[in-house]
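Engineer: This is the structure, below, for whatever I ask next.
The values are calculated or read from the model by the stated rules, or taken from the named source; none is laboratory data. Remember, predicted model here, so these are calculated numbers, not experimental data. So basically every Cβ, Gly included, is an ideal-geometry build from the backbone, and we count neighbours across all protein chains shown. Calculation scope for accessible area: heavy atoms of the full protein, side chains included, ligands and nucleic acids excluded. Shrake-Rupley method; radii C 1.70, N 1.55, O 1.52, S 1.80 Å.
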Amino acid sequence: MDVYGLIGNPVGHSLSPPMHEAGYEELGIDARYVTFEPPADDGAKAVEAAATLDVAGLNVTVPFKQDVLEAVAPDDLAARIGAVNTIDFATDPPTGYNTDAVGATRALEDHGVTLSGEAVVVGAGGAGRAVAFGLADAGMSVAIANRTVEKAHALADEVPNATGHGLDELGDLLADASVLVNATTVGMKEDRSPVPADALHGDLAVLDAVYDPIETRLLREAADAGATTVDGAWMLLYQGVEAFERWTGESAPVETMNAALRAGLDE
Ligand code: ATR
């Protein structure tokens, strides 16, 4: 039996185990997906231990996404993002991937969104980095807007075809954009939006990386403005789907995994 898992601290409420195990069951793969909660300083050590124990694959979440870089060989995208969320132990050293970037692009494409033209990414933290690289690699020009404008400029210097801005420029930036992604924590467990409602319009596709609540204030206001909306569970789903496919080499049963994820979110 293959063992897959997630390392994070905390990982208590993760929806990855039911999502991945539903996929294994659907495809008849003899595997389990479990959570591990190593001490906050021991990310790299945990990866070495997992290799020793013959774990087949690990997802990685806060606070370990940067720390595990020293224990893996990152692929080009993960190296540029500077963070790993998926480790494949089939190689020695294990290979580190970042499927958060593709999670965002696949979530948008799944909703019929064409990834060309101009995108606005709000946030320049860990999620913002992954999303900005993902959209840029897909061919979009990316305007990164962040509360701390220096962080937006620093990230824009690393991402191809990107510019950095303050949140006060969102109205102007969105007028010309076809895609908006919220990669801040604003709206998580609160009825707030990082984007003024009057800046939203019907030619936008809006992805919110926040999935608690599933319908954030941003998505509600985007729907009111006639925009296409993509909730954060789609991004969570597709980062998992991409990890599943890298580990197993098979096409993931997306609908089954989505149903398991949504059932977990409803609990
Ligand atoms: P994550 O890994 O989820 O991206 P993070 O790295 O801590 O988390 O980044 C949080 C992001 O949310 C940052 O872009 C942060 O802006 P700053 O760089 O200015 O801190 C943004 N953020 C958090 N709280 C915010 C708020 N109240 N208003 C605007 N942006 C906020």
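Engineer: Using DSSP, restrict attention to beta bridges with both residues in the chain and report what percent are antiparallel, rounded to the nearest 5.
Structural biologist: 15 percent
Engineer: How much length is gained if the chain between residue 92 and residue 198 is pulled fully straight, taking 0.36 nm per residue apart and subtracting their Cα-Cα distance, in nm to one decimal? Working shown, then result.
Structural biologist: On the way: separation 106, 0.36 × 106 = 38.16 nm, distance 5.17 nm.
Computed gain between residue 92 and residue 198 is 33.0 nm.
Engineer: Under a point-charge model restricted to the Cβ atoms of Lys and Arg (+1) and Asp and Glu (-1), what is the dipole moment magnitude of region 1-127 relative to its Cα centre, in debye to the nearest 20?
Structural biologist: My answer is approximately 300 debye.
Engineer: Further question: Against the longest alpha carbon principal axis of the chain, how many degrees, from 0 to 90 and to the nearest 10, is the axis of helix 126-137 turned?
Structural biologist: Approximately 80 degrees, to the nearest ten.
Engineer: As a test of the formula, what do you get for the chain when each DSSP H run with n ≥ 4 contributes -39,500 (n - 2.57) and the sum is divided by the residue count, at 222 nm and rounded to the nearest 500 deg cm²/dmol?
Structural biologist: -12000 deg cm²/dmol
Engineer: Taking residue 189 as the anchor, which lysines have their alpha carbon closer than 29 Å to its alpha carbon, excluding any fewer than eight residues away along the same chain?
Structural biologist: Excluding near neighbours in sequence, the set is 65, 151.
Engineer: Moving to a separate point now. Counting only other residues whose beta carbon sits under 14 Å from that of residue 18, what net charge do I get with K and R as +1, D and E as -1?
Structural biologist: -3
Engineer: Can you pull a Stokes-Einstein diffusion coefficient for the chain at 20 °C (1.002 mPa s), Rh from Kirkwood over Cα pairs, as a whole number of µm²/s?
Structural biologist: Working: Rh = 18.7 Å.
For the chosen part, D equals 115 µm²/s.
Engineer: With viscosity set to 0.692 mPa s at 37 °C, what whole-number translational diffusion coefficient in µm²/s follows for region 172-219 from Stokes-Einstein and a Kirkwood radius over Cα pairs? Could the numbers behind the result be given before it?
Structural biologist: Working: Rh = 11.0 Å.
My calculation gives 299 µm²/s for D.
Engineer: Find the Rg to Rh ratio for region 116-203, where Rh is the Kirkwood radius over alpha-carbon pairs and Rg uses the same atoms.
Structural biologist: 0.93
Engineer: Fully extended, how many nm does the chain gain between residue 263 and residue 111 (0.36 nm per residue separation, minus their Cα-Cα distance)? Write down the numbers at each step before the final one.
Structural biologist: On the way: separation 152, 0.36 × 152 = 54.72 nm, distance 2.04 nm.
Contour length minus Cα-Cα distance gives 52.7 nm.
Engineer: What residue among 154, 130, 209 shows peak mean-square fluctuation when the chain is described by a Gaussian network model with Cα springs under 10 Å?
Structural biologist: 154
Engineer: While we're looking at this one, here's another question. Normalised by the number of residues in region 175-232, what is the relative contact order in percent for Cα pairs under 8 Å and 6+ residues apart?
Structural biologist: It rounds to 37 percent for region 175-232.
Engineer: Still on this structure, I have one more. Calculate how steeply helix 43-52 sits against the longest principal axis of the alpha-carbon atoms of the chain, using the helix alpha-carbon long axis, and give the answer as 0 to 90 degrees to the nearest 10.
Structural biologist: 40 degrees
Engineer: OK, next. Mind checking the angle between helix 99-110 and the chain's longest principal axis? C-alpha axes, 0 to 90 degrees, to the nearest 10.
Structural biologist: Result, in degrees: 60.
Engineer: Under 8 Å for C-alpha pairs, at least 6 residues apart: give me the relative contact order for the chain, rounded to a whole percent.
Structural biologist: 17 percent
Engineer: Tell me which trypsin sites (Lys or Arg not before Pro) from region 91-163 have a DSSP coil assignment and no more than 16 other beta carbons within 10 Å of their own.
Structural biologist: 147
Engineer: In region 134-245, carbon and sulfur make up what percent of the accessible area (probe 1.4 Å)?
Structural biologist: 46 percent
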